[in-house]
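Trainee: Handing you a structure now.
The values are calculated or read from the model by the stated rules, or taken from the named source; none is laboratory data. Please read these numbers as outputs of a predicted model, since none were measured by experiment. When we count neighbours, we look across all protein chains shown, and the Cβ atoms used for this are built from the backbone with ideal geometry, even at glycine.
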Amino acid sequence: MSNYLKIAAVNLKHNTAPHLLLAIVIALLTSVIFGISSLNESESAQPLEMFLSLTGIVLLTPIFLPEQNENIRELVRSKRIDYLAICLIRLVYSVIFLAFIFGIFTIIMHHCESDVTIQHFTGGFASGIFLGALGFFFAGITNNSIIGYMVSIVYYIGNFMLKDNLKHWYLFSMSSGNFDEKYWLLGSSAVLFIIAFVIIKKFRK
Amino acid sequence: MLFFKECKKIIFSLIFVIYCIVLSGFYFTQFSNDCQYPLEKPHEGQTDYGTISKEVPEIIMPSAIEGLVSEYLSGEFSAYPYGFYKCVKLKEKDKKKLVEIITELSGISAETLENFDNYEPSGYIMGEDGNPVYTNGNIPEINIPPMLTYDDFRELMRKADKIIGGGSKYSDENIVSNFSQIPKTYEDALAEYEQFCKDDKITGAYARLFCDYMGIDLSILPVFVAVFLAERDKKSRMEQLVYSRKISSAKLIFTRYISLVFTMLIPVFITALLAYAKVKNIYPDNELDKFAILKTAVYWLIPNIMASSAVGMFVTEITSGLISIFVQGTWWFASIFASSELTGSIRNFTFVMRHNSLLGYDIFQNELHTIVFNRLFFTIISVLVILLNAVIFEMKRRGVFNVKLFENRSRKSET
């Protein structure tokens, strides 16, 4: 157990810190760009779904980034601890950070007299984690994080124009009063994480 | 030849395939979707011809002043400073400044505003029979001073907008569309349709719509392609190999840049041809300008591709691919959401130009000088950025510029 904690600490320091910093910058920008005080229920959903969800891309897409450097991949392969176990550790703490960012943001909105509930937290988090899962999946299977970023950002842009076409996978449903899509987003994220790990384990380890 | 080698390298890369898929996806779901039926000619006797924003002082002044008083009494101002809704609550000192403006505009004294406690917003409420009923609301009586000119009114509204923080209903951009919507007459609608057929030759209007949709994508997608290729070279340590070659840095960087822009234009031109075919299909008997879509795509979209690619190449050269994507993403986001207007809001430095309408030929013509400046500006800036990229590349080659800002820390991973 202590080994895994050590791995988490070292990864956090060397790999995740810049991405976490960027996610915090996005969270700060969200509060400046959107007003977060005195918003009603549907208005409160907007900053969470439409902007803070980008932190999912920033935190989850680069999970495989370090090993995309051939030298590091060779080194990691030679170690006793499974490479995918390290990626899983990174994924777990990144998801925790994502939840943490959404949690703090929702609490701040609540203090600013906005009408937010646990549903807002869950809904925003679901959009964020799905965007991140898309980036994670494509970065993982193509062994290239740039493709991961591209796919997730294009999907994000598509949500502004393809509301009806995206059906259960529409990211901004809470702003128009629907929550059912969020279950689909959460479930699909889990599926994308699992498939990415399976593909990498089978074909590219 | 290096140019063809670079083009081949790009065309056979995975990122270029994804770029083409995304671009064609955008074309089919957006533009193509809007070209199902021809624009209908207005007929006399229609119940509704739509509305039009016309700057009529007699309409704007009373309704905007009423809106300002109403928002002041409610204590909340709606604004879209960055394209997204923001509920603004003013501090005491700003409230005092705004009260002075309201008094000047409406003749309502500061005391009346202070002591008015029967405020009711206008809007629809549920009537006794269960149907919505419009109520006028309740605000103090407004008496616009006869000496107040329209110019003074606009100046005071500008000040009010500044106090609110910009992007409010009273800003120069929004005041006319918010407070002076008048119904179009049959003659207005017919004149617009005639313009669409004769001045625009139909394809001119569709060319703007095509570029409006494709411009959204082409202002961000090229950065991914540029970063992907730059990062791939770094990964395979091509730099070391290239450094030792005879070719000049300027020639190498410019050739790479031109091949990037050239290859990314290929799917744009293909979709432009498809767009023409689509328009021809729904207007088989009309006279069309065959090259309008292609011509507009050249001057409208090339600067977007150039700027986005230049950012991708340059920022990756001095920092990392991730920072490039962040920089371009922020620029794209700021440009897209800077204006709430989808038509008629092109400024000198608007990166993503919008004109999401088949009508509005005259609006576009009025903006033409701005558009020419705008597109030339981004073209020149892109070339300058690439020139700077070549200089830095040369310095690195000579070992002068070896500091890499924000270098990917993963290289130092201890895992």
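Trainee: Could you list all residues from the range A:131-146 that are without any contact (Cβ under 8 Å) to a residue 40 or more places away in the chain and surrounded by fewer than 21 Cβ atoms within 10 Å (Cβ to Cβ)?
Mentor: Selection gives A:Thr142 alone.
Trainee: Do we have A:Leu186 as more than 14 Å from chain B (Cβ to nearest Cβ) and over 26 Å from A:Val10 (Cα atoms) here?
Mentor: So A:Leu186 fits the description; yes.
Trainee: Looking at this structure, is B:Ile125 free of Cβ contacts under 8 Å to residues at least 60 places away in the same chain and touching a strand residue (DSSP E or B) at 6+ places or on another chain (Cβ under 9 Å)?
Mentor: Details: free of Cβ contacts under 8 Å to residues at least 60 places away in the same chain: yes; touching a strand residue (DSSP E or B) at 6+ places or on another chain (Cβ under 9 Å): yes.
Taking the combined requirement at face value, the residue satisfies it.
Trainee: While we're on this one: Which one of B:Tyr49, B:Tyr27 is assigned to a helix (DSSP H, G or I) and either farther than 30 Å from B:Phe116 by Cβ or modelled with pLDDT under 90 (or both)?
Mentor: B:Tyr27
Trainee: Residues that are farther than 22 Å from B:Gly360 by Cβ: which helices (runs of 4 or more DSSP H) entirely in the range B:142-202 hold 1 or more of them?
Mentor: So the answer is B:150-164.
Trainee: Oh, and also: Inside the range B:14-73, can you point out the residues that are more than 30 Å from B:Leu274 (Cβ to Cβ) and of a type in the set (Phe, Trp, Tyr)?
Mentor: Correct list: B:Tyr49, B:Tyr72.
Trainee: Let me ask something additional. So which residues in the range A:164-180 are of a type outside the set (S, T, N, Q), without any contact (Cβ under 8 Å) to a residue 40 or more places away in the chain and assigned to a helix (DSSP H, G or I), if there are any at all?
Mentor: Selection gives A:Asp164, A:Leu166, A:Lys167, A:His168, A:Trp169, A:Asp180.
Trainee: What is the number of the single condition among (1) in contact with a Phe, Trp or Tyr (Cβ under 8 Å, 6 or more places away or on another chain); (2) among the hydroxyl-bearing types (Ser, Thr, Tyr); (3) surrounded by 19 or more Cβ atoms within 10 Å (Cβ to Cβ) that B:Thr319 does not meet?
Mentor: Condition (3) is where B:Thr319 drops out.
Trainee: Related question: Does the range A:164-190 hold any residues that are of a type outside the set (Gly, Ala, Ser) and within 30 Å of B:Gly321 (Cα to Cα), and which are they?
Mentor: Selection gives A:Leu166, A:Trp169, A:Tyr170, A:Leu171, A:Phe172, A:Leu185, A:Leu186.
Trainee: Kindly list, by first and then second residue, each pair from a residue in the range A:49-71 that is among the small types (Gly, Ala, Ser) and crowded, with 24+ Cβ neighbours inside 10 Å to a residue that is modelled with pLDDT of 95 or more and not in a helix (DSSP H, G or I), limited to pairs with Cβ atoms under 7 Å and residues at least 6 apart or on different chains.
Mentor: A:Ser53/A:Leu171
Trainee: Show me the helices (runs of 4 or more DSSP H) found entirely inside the range A:35-92 where at least 2 residues are under 13 Å from the mean Cα position of the chain (by Cα) and either among the charged types (D, E, K, R) or modelled with pLDDT of 85 or more (or both).
Mentor: It comes to A:54-60.
Trainee: If you don't mind, another one. Counting only residues that are assigned to a loop (DSSP other than H, G, I, E, B) and free of Cβ contacts under 8 Å to residues at least 60 places away in the same chain, which one in the range B:258-291 is surrounded by the fewest Cβ atoms within 10 Å (Cβ to Cβ)?
Mentor: My answer is B:Asp285.
Trainee: Okay, next question. Collect the residues in the range B:304-323 that are farther than 24 Å from B:Ile371 by Cβ, modelled with pLDDT of 95 or more and of a type outside the set (A, V, I, L, M), keeping them in residue-number order.
Mentor: B:Gly312, B:Phe314
Trainee: From the list A:Gly124, A:Gly128, A:Gly103, A:Gly135, which one is in a helix (DSSP H, G or I), more than 14 Å from chain B (Cβ to nearest Cβ) and within 30 Å of B:Arg232 (Cβ to Cβ)? Explain how you work it out, then say what you get.
Mentor: Numbers: A:Gly124 fails: within 30 Å of B:Arg232 (Cβ to Cβ); A:Gly103 fails: within 30 Å of B:Arg232 (Cβ to Cβ); A:Gly135 fails: more than 14 Å from chain B (Cβ to nearest Cβ).
That would be A:Gly128, the only listed residue that is in a helix (DSSP H, G or I), more than 14 Å from chain B (Cβ to nearest Cβ) and within 30 Å of B:Arg232 (Cβ to Cβ).
Trainee: So, in the range B:145-203, of the ones that are touching a residue at least 40 places away in the same chain (Cβ under 8 Å) and basic (Lys, Arg), which residue ends up surrounded by the fewest Cβ atoms within 10 Å (Cβ to Cβ)?
Mentor: B:Lys159
Trainee: Exactly one condition in (1) facing another protein chain (nearest Cβ under 10 Å); (2) more than 18 Å from A:Ile199 (Cα to Cα); (3) in contact with a Gly (Cβ under 9 Å, 6 or more places away or on another chain) is false for A:Pro62; which is it?
Mentor: The one condition A:Pro62 does not meet is (2).
Trainee: Any chance you could count how many residues in the range B:204-244 are surrounded by 24 or more Cβ atoms within 10 Å (Cβ to Cβ), among the aromatic types (Phe, Trp, Tyr) and either within 13 Å of another protein chain (Cβ to nearest Cβ) or part of a loop (DSSP other than H, G, I, E, B) (or both)?
Mentor: Total satisfying the criteria: 2.
Trainee: Search the range B:70-95 for residues that are facing another protein chain (nearest Cβ under 9 Å) and pair each with any residue that is surrounded by fewer than 15 Cβ atoms within 10 Å (Cβ to Cβ) and among the polar types (S, T, N, Q) when their beta-carbon atoms are under 9 Å apart and the residues are at least 6 apart or on different chains.
Mentor: What qualifies is B:Cys87/A:Asn40.
Trainee: What strands (runs of 3 or more DSSP E), lying completely within the range B:60-127, carry at least 3 residues that are surrounded by fewer than 14 Cβ atoms within 10 Å (Cβ to Cβ)?
Mentor: Ranges flagged: B:123-126.
Trainee: Answer with yes or no whether A:Val116 is aliphatic (A, V, I, L, M) and either over 23 Å from A:Ile195 (Cα atoms) or not in a helix (DSSP H, G or I) (or both).
Mentor: Yes, satisfied.
Trainee: Give the range B:218-246 a look and list any residue that's in contact with a helix residue (DSSP H, G or I) (Cβ under 7 Å, 6 or more places away or on another chain) and of a type in the set (Ser, Thr, Tyr), or say none.
Mentor: Passing the criteria: B:Ser219, B:Tyr243.
Trainee: Right, another one. Within the range A:141-152, does at least one residue satisfy the condition of being within 14 Å of chain B (Cβ to nearest Cβ), over 19 Å from A:Ser189 (Cα atoms) and outside any loop (DSSP other than H, G, I, E, B)?
Mentor: Checking the range A:141-152: at least one residue is within 14 Å of chain B (Cβ to nearest Cβ), over 19 Å from A:Ser189 (Cα atoms) and outside any loop (DSSP other than H, G, I, E, B).
Trainee: Give the residue, chosen from A:Ser78, A:Ser44, A:Ser94, that is without any contact (Cβ under 8 Å) to a residue 60 or more places away in the chain and of a type in the set (S, T, N, Q).
Mentor: A:Ser78
Trainee: Same structure, new question: Failed condition for B:Ser357, given (1) touching a Pro at 6+ places or on another chain (Cβ under 8 Å); (2) surrounded by fewer than 19 Cβ atoms within 10 Å (Cβ to Cβ), with all others met?
Mentor: B:Ser357 satisfies every listed condition except (1).
Trainee: If I ask for residues that are within 22 Å of B:Leu39 (Cβ to Cβ) and of a type in the set (A, V, I, L, M, F, W, C), which ones from the range B:347-375 would you list?
Mentor: The first filter runs over the range B:347-375 and keeps only residues within 22 Å of B:Leu39 (Cβ to Cβ), leaving B:353-367.
Matches in the range B:347-375: B:Met353, B:Leu358, B:Leu359, B:Ile363, B:Phe364.
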